[in-house]
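Beneath this line is the structure, given in structure tokens, with notes to follow.
The values are calculated or read from the model by the stated rules, or taken from the named source; none is laboratory data. Just so it is clear, the model here is predicted, and its values are computed rather than measured. Don't worry about glycine lacking a Cβ; one is built from the backbone with ideal geometry, like all the others, and counts go over all protein chains shown. Accessible surface is based on the protein model in full, side chains and every heavy atom, while ligands, DNA and RNA are left aside. Shrake-Rupley method; radii C 1.70, N 1.55, O 1.52, S 1.80 Å.
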Amino acid sequence: MNKISINTKKLPLAFWNKGFWKAALALALPLALQNMLAASFSLIDTLMVSQLGTIPLSSVNMAGQWSWLFSMVIFGITSGASVFAAQYWGDKNIKGIHKVQGIAIISGLIISLGFTLVALIAPEWVISLFNKDPEVIATGSAYLQYACLSFPAIALTQIFGAILRAVERPMLPTVVTGISAAMNAFINYLLIYSAGMGVKGAAIATAITSWMGPVLIFLVSLIQKNILIAPIREVFAFDRETIAEFFKKASPVIANETMWGLGTTMYNIIFANIGYEEYAAIAIVKTFESFSFCFFIGVCSACCVMVGKSVGSGQIRESIRDSKRFLIIMPVISMLVAVLMISLRMPLISLFNMGENISQYSLDLASKIVIIYSVWAAIRNIPYITVVGIFRSGGDTVTGMIIELGVLWAFSVPMTYIAAEWLGLPFLAVYCTMLLAEDIPKSIIFLLYYRSGKWLRPVTEAGVKGLKEFSE
């Protein structure tokens, strides 16, 4: 293990360094915008479906839990790919990036096809995992059977975007996401209302517009001849050793995101079993979370690329300095976003009841949850920036997984279940139990581990050499 103290006076922070801010903003802003546009997919579906009533809204969001679990597995693959791609970019190893791209594409397509087949063959079984209400199962199944056709497209879009961000080319996926979001709104309106297809129309619109992402990115990449375009033999010319090396780093990330996604699904099952009106409130709040998280994803991605690039090129001192800067930036951004979300919560929540089909109880509950989530976001994002932004980009994909899943499954999920099922606490108390039980232990442990410096584990020769020199 590395014997490095992150809390050292040898590394002045120089927080207002112009070079740092120029690089960070160039990476963070396009990705924040891209995720904001992507979140509009969910927002448009939720807003339009909410006009159909509380049960359709809950049903579509139940189906969305399967999509959420799928996206977590794909995020694990793209995060693993980003570890290598960012460090290879720092080491100018273009062929290495192409091999990582090929492995990620094949892995992503295999997983997406698996999730798609299960949703096509047994949609009722999938929805019944999250809720037992017959109406919810019937409506959610009708949505899922069509929406699941978007899974392979989502996988390709995320993989292409991750590679482009790792080489500091984030604008293309951002522009493509904007085009897809605009088309999604248009097709949604046509199918849900003009064609009278209801939730099926929303699902078909999602499937159609999702495929625009990878197609447009690939076509533009052909014109630009960017990093995604390479001879097929080079992209898929990886051997067993390369695959083993990739999954040695990527497997913990995939396991982490998959099991964390399952944990989040368990929370939602607990919430849903309290009542469909309570879950309708959660469905509304999730759109707020998606939009607020856009800012956090931008910051975290910039951190991942900049720290990973510095580690890969052997600039350990700079990677530590940047990581400290991002540890300060994330809570500050979280507090600013919290003020914005709380200020806008009432007019935004009212959008979900334009058809006056959502109960007032669900709307009032959603307003209270938004306040709680927003106030707590600064603490909740500490594990996110340390694990995803710093530890993984430094090469340590294992420790974060062990700690995060240990706290989640051994403590937080059981405590939330006990609060709901055994103690019968009010819904807001159950929600707060989830936040407190998960975020406080993880934040303390991750900050202590960050200071140890043991997360610095380069995958390039230049990085290993730089770490040795820095340690000495």
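Quick notes on this structure:
- Evaluation of Gly463 against (1) open to solvent by less than 10 Å² (accessible area, probe 1.4 Å); (2) closer than 21 Å to Ile329 by Cβ (one fails), failing number: (2)
- Residues (open to solvent by 20 Å² or more (accessible area, probe 1.4 Å) and either touching a residue at least 24 places away in the same chain (Cβ under 8 Å) or among the polar types (S, T, N, Q) (or both)) located in the range 441-454: Pro441, Ile445, Leu447, Tyr449, Arg451, Ser452, Lys454
- Residue count for the range 400-440 satisfying the condition of being in contact with an Asp or Glu (Cβ under 8 Å, 6 or more places away or on another chain) and touching a residue at least 60 places away in the same chain (Cβ under 8 Å): 3.
- Scope the range 133-150; condition open to solvent by 10 Å² or more (accessible area, probe 1.4 Å) and either part of a helix (DSSP H, G or I) or free of Cβ contacts under 8 Å to residues at least 60 places away in the same chain (or both); matching residues: Pro134, Glu135, Ile137, Ala138, Thr139, Ala142, Tyr143, Gln145, Tyr146, Leu149
- Pick from the range 233-252, criterion among the hydrophobic types (A, V, I, L, M, F, W, C) and at pLDDT 85 or above, ranking: surrounded by the most Cβ atoms within 10 Å (Cβ to Cβ): Phe246
- Test for Thr386: is it touching a Pro at 6+ places or on another chain (Cβ under 8 Å) and buried (at least 23 other Cβ atoms within 10 Å of the Cβ): no
- Just one of the numbered conditions (1) polar (S, T, N, Q); (2) open to solvent by less than 60 Å² (accessible area, probe 1.4 Å); (3) at pLDDT 90 or above is not true of Ser290: (3).
- Top-ranked residue of the range 357-381 - restricted to ones that are of a type in the set (Val, Ile, Thr), part of a helix (DSSP H, G or I) and open to solvent by less than 30 Å² (accessible area, probe 1.4 Å), ranked as nearest to Cys294 (Cα to Cα): Val370
- Filter result for Ala153 (in contact with a Pro (Cβ under 7 Å, 6 or more places away or on another chain) and either part of a helix (DSSP H, G or I) or buried (at least 20 other Cβ atoms within 10 Å of the Cβ) (or both)): yes
- Yes/no for Gly424 being among the small types (Gly, Ala, Ser) and open to solvent by less than 30 Å² (accessible area, probe 1.4 Å): no
- For first residues located in the range 360-388 and within 30 Å of Lys249 (Cβ to Cβ), partners that are open to solvent by less than 30 Å² (accessible area, probe 1.4 Å) and among the β-branched types (Val, Ile, Thr) and lie 6+ apart or on another chain with Cβ distances below 8 Å form the pairs Ala377/Val337; Ile385/Val299.
- The one condition in (1) open to solvent by 10 Å² or more (accessible area, probe 1.4 Å); (2) polar (S, T, N, Q); (3) at pLDDT 80 or above; (4) more than 18 Å from Phe293 (Cα to Cα) that Thr54 fails to fulfil: (3)
- One residue from Gly263, Gly308, Gly314 being open to solvent by less than 40 Å² (accessible area, probe 1.4 Å), outside any helix (DSSP H, G or I) and farther than 17 Å from Ile372 by Cβ: Gly314
- Among the residues making up the range 64-110, those that are open to solvent by 40 Å² or more (accessible area, probe 1.4 Å), of a type outside the set (Phe, Trp, Tyr), assigned to a helix (DSSP H, G or I) and touching a residue at least 12 places away in the same chain (Cβ under 8 Å) are Ile94, Lys95, Lys99, Ile106, Leu109.
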